[in-house]
Amino acid sequence: MKKHLLLPLVVLLLACLMSACDNTGKKAAQKLELATQAFNQGRYDEAQAQIDSIKLLYPKAFEVRKAGNRLMRKVELARQQHTVAYLDSLLSSEQAKLEQMKPRYAFEKDEEYQQTGIYFHPSQVIEKNLHRSFLRFQVNERGTVSMTSIYCGRTPIHHTAVRVTAPDGTYAQTPTSPDSYETTDLGEHIEKADYKLGADGDVISFVTLHKDKNLQVEFLGDRTYKTSLTRNDRQAASAIQELGQVLTSIAQIQSKLEECHVKIRFLEERMKKDSLETNGN
């Protein structure tokens, strides 16, 4: 008698489970439909939210989840294409700005030895500054700003750092340069030390900030040599930093564009596979 009673209960339970599964599938499909509508209308965040909710609320709706994943790739592709369009516009704007600025700078590049050219302020090109101790500012095509301390004198001082002081006593000082060089030419001792922006003890920014003030520079080595920064030298620091910001912006935009194109190529390849799987090929 008990066995006869169990059979209808099992049948009823199976029926309930099948009904629940059907109901779950319908609800998941409704979410997918809402996601599709949002995608078609360009509401990508909403589309993603609906797809994510399917994974969270209906984890066993496997076929709907697969369809959601395919739709998510379309959403991400559309986002990347939108980002590319924005970055292309931004890049064109920055490149136009660069073209306007270029005539104000001297550009040097040895095609045989240099992969990246360097911009200088016209007043600081080497030919105009022979036998002079000063700070030279430059920026390469990728936007890396740097400073070179150049000492010229009858006796060496073996300097590896510099300190710049304003009239009010405030100052900025570089750390010891990791890249220095010494030579002699017809009895003249020539010493050079390089410092990149960000590893220069804020000297470059300090000179830019005080470009309209009389600044003193000290070459620090076995002995100290003091001189004044000319107005042209101070203006050069400011001009080079301004150009560096544009060049850095261009380099960053180009890097982001490349990242977007890599993602787009990946998504397009994955979507081709989606198409083949859907068509059963």
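The values are calculated or read from the model by the stated rules, or taken from the named source; none is laboratory data. Bear in mind that the values here come from a model prediction, so they are computed numbers and not experimental data. Positions of Cβ are backbone-derived with ideal geometry, glycine not excepted, and every protein chain shown enters the neighbour counts.
Once the range 216-267 is narrowed to residues that are without any contact (Cβ under 8 Å) to a residue 40 or more places away in the chain and more than 30 Å from Y86 (Cβ to Cβ), the residue that is surrounded by the most Cβ atoms within 10 Å (Cβ to Cβ) is R234. Note on the range 57-81: among residues that are free of Cβ contacts under 8 Å to residues at least 24 places away in the same chain and under 35 Å from the mean Cα position of the chain (by Cα), the one that is nearest to S255 (Cα to Cα) is N69.
Per-residue answers, yes or no, for (1) closer than 17 Å to T148 by Cα; (2) not in a helix (DSSP H, G or I):
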position: R163; (1), (2): yes, yes
position: P175; (1), (2): yes, yes
position: T184; (1), (2): no, yes
position: G201; (1), (2): yes, yes
position: F206; (1), (2): yes, no
position: E218; (1), (2): yes, yes
position: A239; (1), (2): yes, no
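Selection within the range 178-196: residues that are more than 28 Å from the chain's Cα centre (by Cα) and either among the hydrophobic types (A, V, I, L, M, F, W, C) or not assigned by TED's automatic domain parsing to the domain that holds N140 (or both). The member of this set that is nearest to S133 (Cα to Cα) is I190. Is it true that A199 is over 30 Å from A85 (Cβ atoms), under 25 Å from the mean Cα position of the chain (by Cα) and surrounded by fewer than 16 Cβ atoms within 10 Å (Cβ to Cβ)? Criteria met by A199.
The single condition among (1) modelled with pLDDT of 90 or more; (2) surrounded by fewer than 16 Cβ atoms within 10 Å (Cβ to Cβ); (3) not charged (D, E, K, R) that A15 does not satisfy is (1).
Residues that are surrounded by fewer than 16 Cβ atoms within 10 Å (Cβ to Cβ) and closer than 21 Å to I126 by Cβ within the range 157-196 comprise D179, Y181, E182, T183, T184, D185, L186, G187, E188, K196, listed in sequence order. For the range 157-169, the criterion of being in contact with a strand residue (DSSP E or B) (Cβ under 7 Å, 6 or more places away or on another chain), assigned by TED's automatic domain parsing to the domain that holds N129 and closer than 17 Å to H131 by Cβ is met by at least one residue. Residues of the range 82-127 that are outside any helix (DSSP H, G or I) and surrounded by 15 or more Cβ atoms within 10 Å (Cβ to Cβ): Y105, A106, I118, Y119, F120, H121.
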